[in-house]
1. So which helices (runs of 4 or more DSSP H) are wholly in region B:1-116 and hold at least 3 residues that are among the small types (Gly, Ala, Ser)?
2. Every residue in region B:1-17 that is farther than 14 Å from A:Arg54 by Cα and surrounded by 18 or more Cβ atoms within 10 Å (Cβ to Cβ), please.
3. Yes or no: A:Glu383 within 19 Å of A:Leu261 (Cβ to Cβ), of a type in the set (D, E, K, R), assigned to a helix (DSSP H, G or I) and touching a Leu at 6+ places or on another chain (Cβ under 7 Å)?
4. Quick check on my filter: what residues within region A:257-269 are assigned to a loop (DSSP other than H, G, I, E, B) and closer than 20 Å to A:Glu310 by Cα?
5. Restricting attention to region A:287-311, report how many residues are in a helix (DSSP H, G or I) and without any contact (Cβ under 8 Å) to a residue 12 or more places away in the chain.
6. Can you find, within region A:213-242, the residue that is farthest from B:Phe13 (Cα to Cα) among those that are among the acidic types (Asp, Glu) and at the interface with chain B (Cβ under 9 Å from one of its Cβ atoms)?
7. So, in region A:1-38, how many residues would count as being within 27 Å of B:Gly99 (Cα to Cα) and either polar (S, T, N, Q) or away from chain B (no Cβ under 14 Å) (or both)?
8. Among (1) of a type outside the set (S, T, N, Q); (2) within 14 Å of chain A (Cβ to nearest Cβ); (3) in contact with a Phe, Trp or Tyr (Cβ under 6 Å, 6 or more places away or on another chain), where does B:Gly99 come up short?
Amino acid sequence: MTDTAWIDAALTSARPQAVGALLRYFRDLDTAEEAFQNASLRALKSWPQNGPPRDAAAWLIMVGRNAAIDEVRRERWKAPLPEDDQAISDLDDAEEQLAERLDGSHYRDDILRLLFICCHPELPATQQIALALRIVSGLTVKQIARAFLVSEAAMEQRITRAKARIAEAAVPFETPGAVERAERLLAVAAMIYLIFNEGYSVSGDTAAARGALSEEAIRLARLLLRLFPSEPEIMGLAALLLLQHARTAARFDATGELILLEDQDRALWNQTMIAEGLALIDKAMRHRKSGPYQIQAAIAALHARAERPEDTDWRQIDLLYSALELMQPSPVVTLNRAVAVSKVKGAEAALEMIEPLAPRLSNYFHFFGVRGAFLMQLNRNDEARVAFDRAIALANTSAEAAHIRKHLDRLMRDSTPKGTKSAK
Amino acid sequence: MLYAILCYHDEDFVGSWSKEQDATVMRKLRLVQDNLAKQGRLGPAARLLPTTAAATLRKEEPPLVIDGPYAETKEQLLGFYVVDCKNLDEALDVARDLGAANPGGAYEIRPVGSFMPGGLSK
């Protein structure tokens, strides 16, 4: 292992555990991060000569902790503060004691805590994601800025602000009880899903830079599942991300335009990811403890299992969406269900279903895209055109707008469209 | 004699490889495999999905299903090869070649007792 790329991978994989343990030790995020940084620099010097240690995380924790303590000692020597004596002797623990404090039983809660402080409820979603990518994943500010399409300075500021807010808040260091642990787990799962979506909802031209976010989210979901191997909702989350990400290669055409699920070349779907996603869903179902991630993953699984679009089990998808509606009522869920209903019962029933959503989705691109498609299927072309115009005005990416424009072009060309949504 | 080469590696580490790193390892491994295949010495081989996808059946009474891999170890069983080698030295040579393509972790070299090549319909 002389190649620094391999050391980078080792540092990345050890990072959540190491920073998590250092955070528990020092109870200060900046100190923990700096300690890890120092340890990483030493690793880059030492590992190529001596080979990587058997347990990279333990090595980094030990070296990082010692470096930070040396730092404190130096500071104390420069400006002696007698009242700090207690703190220093605290830090002066014998190594066996440290080993005990860093024992494996803390491993799970260390990583969960590290993830959890990133999803502090006072932080807006964008700050949560940026913070997690910086602290847990160890992406550079530059990489994160590129993924969010903002300047490096703006991202630096966003992360600094998020950290300041967390420093003010009390970070829970006690070992959590069962209820609290479950709550943290759900908060972290939601954040991982946000990271995934940040990478998923992109246009083709920026897909490469942001697709990395989706992969990182999958890595974090697997990490979380390894810590909590029997949690069906975490299996559901990992499955959902894998099944959606499996379609990446088929989602955009050569010009970067979005391709709808039913128009995608299914041969391009990643079968390994699908296999992993289906395996996880199978495992989750055995627990008979349903939840929103599992249901969404089950829907994605039905799409993945259909060899051709016409093989899709829309009736089952309709049922799953109705279960999701009960569990997590939202106009967006109903809108998605309406698409399934349009396949099972026709566009008229589907249109009726989404009309009541109009006031709440009046600024939602997909609402008008879907509405226009239903109207088009019913040959109500003038109304369809109005809906599509509105959708274009609300499009979040150029790919979304281009996709709707294709529908419009077809309306212009073809005065009696057939009952399909397909643009190709 | 047939040997199973069981591949153990830290799956966190393997999961942290970039796509390019993963592809590089797979390409280098392919060279070693192709070479063995040409000599007619490569049996079945598999790369396993992450242990998070695994379930374990404990054969208690009644049998108990546990989520996750059988053993909680620092390094996990991530794949295997079956190769035909004259003796341990030769099997170790194969493992060394594979190891040069895929650094880190460990290979367990385990002589095969009885071998059933099986036959998958698809």
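1. The qualifying helices (runs of 4 or more DSSP H) are B:88-101.
2. B:Tyr3, B:Ala4, B:Ile5, B:Cys7, B:Val14, B:Gly15, B:Ser16, B:Trp17
3. Numbers: within 19 Å of A:Leu261 (Cβ to Cβ): no; of a type in the set (D, E, K, R): yes; assigned to a helix (DSSP H, G or I): yes; touching a Leu at 6+ places or on another chain (Cβ under 7 Å): yes.
Considered against the rule, which asks whether it is within 19 Å of A:Leu261 (Cβ to Cβ), of a type in the set (D, E, K, R), assigned to a helix (DSSP H, G or I) and touching a Leu at 6+ places or on another chain (Cβ under 7 Å), A:Glu383 comes out as no.
4. Within region A:257-269, A:Ile259, A:Leu260, A:Gln264, A:Asp265, A:Trp269 qualify.
5. The total comes to 2.
6. Step by step, filter region A:213-242, then rank; the result is A:Glu231.
7. Total satisfying the criteria: 5.
8. (3)
Values in this text are rule-based calculations from the coordinates and carry no lab data. Remember, it's a predicted structure, so these values are computed and weren't measured experimentally. Reconstructed Cβ throughout: ideal geometry from the backbone, glycine too, with neighbour counts over all protein chains shown.
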